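A short reminder: the numbers here are calculations on the coordinates, not readings from a lab. Values in this document were obtained by computation on a predicted structure and should not be read as measured data. With ideal geometry, Cβ positions are generated from the backbone for all residues, glycine too; neighbour counts draw on all protein chains shown.
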Amino acid sequence: MLNQGLSLVDAVASLRGLVEANAPCDVVIGIAGDRWIATILSFLAMTLATVGGFVNINVDRVFTMPGDKGEPVNWPIVPRLVDLSLVEYRVLKLICNGYSLAKEIVKGYASKYGETISLQAIERTLAKLRSKGLINSKPVGKALMHESTALGRLITCS
């Protein structure tokens with residue numbers, strides 16, 4: 001049961017996490033109910049379209065049930081919230097998991113994904129994530145601390 005006391009971001013992230021826990025899978029989302037539920041399910045569809053390729057989830061179909069009990073109305077496309085590369089997705093996921101400094105992200109990337117990545121590549125990726133509105137950065141001493149924005153949390157945090 002979805003807790004209506006949750007924020008939009010937390011509700012969508014919670015449902016996305018539930019779907020991701022069952023990956024690989026194909027998903028059909030039927031949207032019906034009050035505006036809050038319809039909004040949550042609409043954002044869930046767009047979020048899964050954004051990250052599905054990275055987490056083995058395919059959004060097969062999204063449809064809306066009209067209020068008058070008529071035939072379902074299929075979404076012709078499921079738009080992505082933002083375009084991400086695999087590296088951008090992984091870095092954003094690391095930030096959601098508590099890695100906040102570029103040097104920590106470099107180490108976490110190698111540890112979690114088994115691939116090395118340079119500090120310069122991480123810094124370029126962080127700049128791209130910032131320009132897409134997915135992270136905020138603030139100075140802490142000589143370094144920058146990075147944290148997810150609401151959009152970033154919606155896409156990758158559980």
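Overview of results
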| quantity | calculated |
| --- | --- |
| Segment residue 116-residue 28, length gained on full extension (0.36 nm per residue, minus Cα span) | 28.0 nm |
| Bridge type composition, the chain - antiparallel percent by DSSP, nearest 5 | 55 percent |
| Cα→Cβ-extended label distance, 7 Å offset, between residue 61 and residue 97, nm | 3.5 nm |
| Of 79, 139, 66, the one that fluctuates the most in a GNM where the chain has Cα springs shorter than 10 Å | 139 |
| Free-standing Cys, the chain [no other Cys Cβ under 4.7 Å] | 25 |
| Lys pairs under 20 Å by Cα in segment 86-156, provided they are eight or more residues apart or on distinct chains | 13 |
| Rough spin-label spacing in nm, given labels placed 7 Å along Cα→Cβ, for residue 138 and residue 7 | 1.4 nm |
